[in-house]
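One structure below.
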Amino acid sequence: MSDQPLVQMVKISKSFGTVQALKDVDFDVRHQEVMGLVGDNGAGKSTLIKILTGVYPPDSGEIYFEGKKVKISSPKDARDLGIETVYQDLALIPLMSISRNFFLGREPVKQVGPIRLLDKRKMDETVQEVLAEIGIRVRSPDEEVAILSGGERQSVAIGRAVYFGAKLLILDEPTSALSIRETHKVLDYILEAKERGLSIVFITHNIYHVYSVADRFTILEHGRKVAEFAKADVSAEEIIEIIRSGHKAATEGEERGPSG
């Protein structure tokens, strides 16, 4: 396995009008590791990831993927590189079937004479096989996503990313609003994805959830990277304290107002 990071973001800065969302942020993810990206609201986590996935262009800085400098100008560019994102709202369509959601935008077709038809049989069989491999059994791939639990929806989204050959899987608050039992299931899926060779960025407010599966942590505070740790070097409580201290310092600074 290469010592070179799978993805490396160097000196990334981004402003929205007068608001500096990111300032000279360095961020990297190694091969087959889970990176916890943490920080308070407004820390810059979402902006950093949206730059990596082509939603926003950076004002300055460089991105390298598999050792090569890349320009990611759209989510399609990111997906073509092998970067898949599972957002908090999952980007699943509730009234469509599990198999249609799984293949959304990449449906297999078969040729019948001059006509190209959706290969529904292949879709259904693939969905059942792929989800079974990561421990999810669906009653029928024809069922609407609306009847699935939050954890099951996460599993469909993660399974889809694994199946389509993602190299980097970005999970935005994957355990938000899940029960304890479902949270444990999703954390198991994350470890399963890592075992299959994926690198994972786990964005969350819940430090205890990410701490159980992450190899390293990057902490952002008000658009700056304030710390990076290997799991062996920091406890969950210490991470929480760093975030709280940064938030408290920023709040006190706002209350005092500009000096000089």
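Remarks
- Alpha carbon Rg of segment 69-124, scaled by the compact-globule rule 2.2 N^0.38 Å: 1.46
- Whole-Hz ³J(HN,Hα) from phi, Karplus 6.51 cos²θ - 1.76 cosθ + 1.60, for segment 176-182, glycine and proline x: 5, 6, 9, 5, 4, 4, 5
- Full-stretch length increase - LYS50, HIS205 - with 0.36 nm per residue and alpha-carbon distance subtracted: 54.1 nm
- Cα gyration tensor category, rounded, prolate or oblate, for segment 141-222 with a/c compared to 1.5: oblate
- Of LYS14, LYS23, LYS69, the one that fluctuates the most in a GNM where the chain has Cα springs shorter than 10 Å: LYS69
- If the chain linking LEU95 and SER13 were pulled fully straight, counting 0.36 nm for each residue of separation and taking away their Cα-Cα distance, it would gain 25.6 nm.
- Less than 5 angstrom separates the built amide H of GLY36 from those of PHE202, ASP215, ARG216, PHE217, THR218, all sequence-distant by 5 or more or on a different chain.
- Centroid-to-centroid, using Cα positions, segment 151-208 and segment 67-144 are 16 Å apart.
- Fluctuation leader among ILE115, ILE242, ILE98 - the chain, Gaussian network, Cα springs under 10 angstrom: ILE115
- For the residue pairs LYS167/LYS194; LYS50/LYS71; LYS50/LYS225; LYS50/LYS194, the C-alpha atoms sit more than 18 angstrom apart in LYS50/LYS194.
- Computed on protein heavy atoms with a 1.4 Å probe, the accessible areas place PHE229, PHE16 in the order PHE16, PHE229, largest first.
- Filter on LYS23/LYS185; LYS11/LYS76; LYS23/LYS76 - keep pairs with C-alpha separation over 32 Å: LYS23/LYS185
- Partner aspartates and glutamates for LYS120 [C-alpha distance under 18 Å; skip if fewer than 8 residues away on the same chain]: GLU107, GLU129, ASP142, GLU143, GLU144
The values are calculated or read from the model by the stated rules, or taken from the named source; none is laboratory data. As the structure is a prediction and not an experimental result, all values here were calculated from the model. In case anyone asks, the SASA skips ligands and DNA or RNA and just uses the protein heavy atoms, side chains included. Shrake-Rupley method; radii C 1.70, N 1.55, O 1.52, S 1.80 Å.
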